[in-house]
Structure formats: C-alpha cells, structure tokens
1. Conditions first: (1) at pLDDT below 95; (2) closer than 13 Å to residue 149 by Cβ. Residue 210 passes all but one, so which condition is the exception?
2. Under the condition of being surrounded by fewer than 23 Cβ atoms within 10 Å (Cβ to Cβ) and in contact (Cβ under 8 Å) with a residue 24 or more places away in the chain, which residue from region 54-67 is nearest to residue 113 (Cα to Cα)?
3. Give the residues of region 133-173 that are touching a strand residue (DSSP E or B) at 6+ places or on another chain (Cβ under 6 Å), over 19 Å from residue 208 (Cα atoms) and free of Cβ contacts under 8 Å to residues at least 40 places away in the same chain, sorted by residue number.
4. Go over the candidates 80, 99 one by one and state the one that is touching a strand residue (DSSP E or B) at 6+ places or on another chain (Cβ under 9 Å), modelled with pLDDT under 90 and surrounded by fewer than 16 Cβ atoms within 10 Å (Cβ to Cβ).
5. Please work out which one of (1) modelled with pLDDT of 90 or more; (2) in contact with a strand residue (DSSP E or B) (Cβ under 8 Å, 6 or more places away or on another chain) is the condition residue 10 fails and give its number.
6. Could you check region 104-118 and list, in sequence order, the residues that are surrounded by fewer than 16 Cβ atoms within 10 Å (Cβ to Cβ) and without any contact (Cβ under 8 Å) to a residue 60 or more places away in the chain?
7. Any residue in region 217-236 that is more than 16 Å from residue 60 (Cα to Cα) sitting within a Cβ distance under 7 Å of a residue that is surrounded by 13 or more Cβ atoms within 10 Å (Cβ to Cβ) and modelled with pLDDT under 60? List the pairs, counting only those 6 or more apart or interchain.
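The values are calculated or read from the model by the stated rules, or taken from the named source; none is laboratory data. No experiment lies behind these values; they were computed from the predicted model shown. No Cβ is skipped: glycine too gets one built from the backbone with ideal geometry, and neighbour counts run over all protein chains shown.
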C-alpha cells in the first residue's frame, strides 16, 4: 500500500489516497484519539470513485464521528482502472434487454456479476490485509455497500468481517443466492421499495436466503437514489452495536 496524498478535512477527518498495486483507494480516519480503530470497508457502486466521491466521503465522515476508520477501493473495470471489455459487453447486453422490455436472463446476470465478484473479493481481502497492518487500525471490521453480491461473497469467505450493511439494488445470480445461505454474520439490508432498476422480488428472495441469525431488512419508499437520511443513521447504529 502506497499513500499518494493526504489532507485534513474541516471536521478533523484525515483523508489519504493510496494505491494497492494498480488499485486506487481512499482511507479516512477520525481526528486523533483512541486506538485501535474499528474499520468499515465501504464498497462503491461500479461507477468510479471520482463520480461517487461525494456520497462516499459523506458516509466516511459520519462513520468517523462514530469512531470508525473507513476505506474504499476502485472496483475492477471502473473509474481510472483499465477497461474490462467483457464487463462492458455484459452491461451492453443488460441495457439492450431492458430497453427492449425483454426479460433479463440468468445468462446476462451471471456474465455481468459473477466475474466482478470473482475479481473484486480477492482484491478486498488484499486491501484488508494492508489496512489492518497500519498503525492505529485494529478492527473489528464491517462491510458496507453494493454490489450486494460482492458483500455476500465476502461475508462467506472472509472471517475477519464481523457485520455488514448491504444495499439491495443490483441483479443477483442464482449462485450467489445459494452462497447467501452460508452467511452467518449480522446483516442490515437496505432496500428502496420503488427502485426502478431493481427486481424487488429477487431482493426479498436474497434476504430470505441469508443464513444469519440476526438480519434486518430496512425498506423505504422511493427510487434508487432516494435513501432517506434516517436510513443511514440506522445503519450507523447497527455498526455501533457490532463493531465497538
């Protein structure tokens, strides 16, 4: 992990950009205080860190106020990372089907999501190795964000993650639904009820499949970008219960 920039935000949060090999990322830590810090891995949507920075930094600052460090990394094929032709083709096939009013087939969903999960999850694990090796960061570790299939796989294969906040709102392969039955950590799942790009039934089926003894579905009216502020507060309370 190589830090490339550093700045102190107006609330005292330290923001450091880094590279992990060729993967860009950002780490936010609270103003100097107690250590070691719990850590939240904040997965961005596949739109690029630059485009989603405002929402990422807002969540990170909120988490810092609660005493957590937060880190994010660029997903494969997104932002400034090299183009991924297979992923671009899968997204084009998805758009073509949706624009034509045709069903989104399992083949399209698998081609869109499974290769991304296979690439992103080991990268998150490598990032976690590096982050937990930094002075002042000691865990426990939480995961927050979408793509929900990435969070599901990580919850299964990464024992260092103690709790997760997952954002329903992306297509989920049947294979991931089967993996969800092996998830055992506490979950807080956010669902926008009127999300125009989300199959609500599929999101509910995935929630039902999660094997966790403690799992909460927090559903709100509104579209994909209409998550109310109090939903974020509920997610913060969830992490406060499980990471402190």
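1. Single failed check for residue 210: (1).
2. Looking at residues that are surrounded by fewer than 23 Cβ atoms within 10 Å (Cβ to Cβ) and in contact (Cβ under 8 Å) with a residue 24 or more places away in the chain, I get 56.
3. 160
4. Criteria check complete, one pass: 80.
5. (2)
6. 105, 107, 118 - these are the residues of region 104-118 that are surrounded by fewer than 16 Cβ atoms within 10 Å (Cβ to Cβ) and without any contact (Cβ under 8 Å) to a residue 60 or more places away in the chain.
7. Here the result reads none, with nothing in region 217-236 linked to a residue that is surrounded by 13 or more Cβ atoms within 10 Å (Cβ to Cβ) and modelled with pLDDT under 60.
Residue-wise test of (1) under 16 Å from the mean Cα position of the chain (by Cα); (2) more than 20 Å from residue 55 (Cα to Cα); (3) surrounded by fewer than 23 Cβ atoms within 10 Å (Cβ to Cβ); (4) modelled with pLDDT of 95 or more.
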position: 155; (1), (2), (3), (4): yes, yes, no, yes
position: 160; (1), (2), (3), (4): yes, yes, yes, yes
position: 164; (1), (2), (3), (4): yes, no, no, yes
position: 171; (1), (2), (3), (4): yes, yes, yes, no
position: 178; (1), (2), (3), (4): no, yes, yes, yes
position: 185; (1), (2), (3), (4): yes, yes, yes, yes
position: 214; (1), (2), (3), (4): no, yes, yes, yes
position: 227; (1), (2), (3), (4): yes, no, yes, no
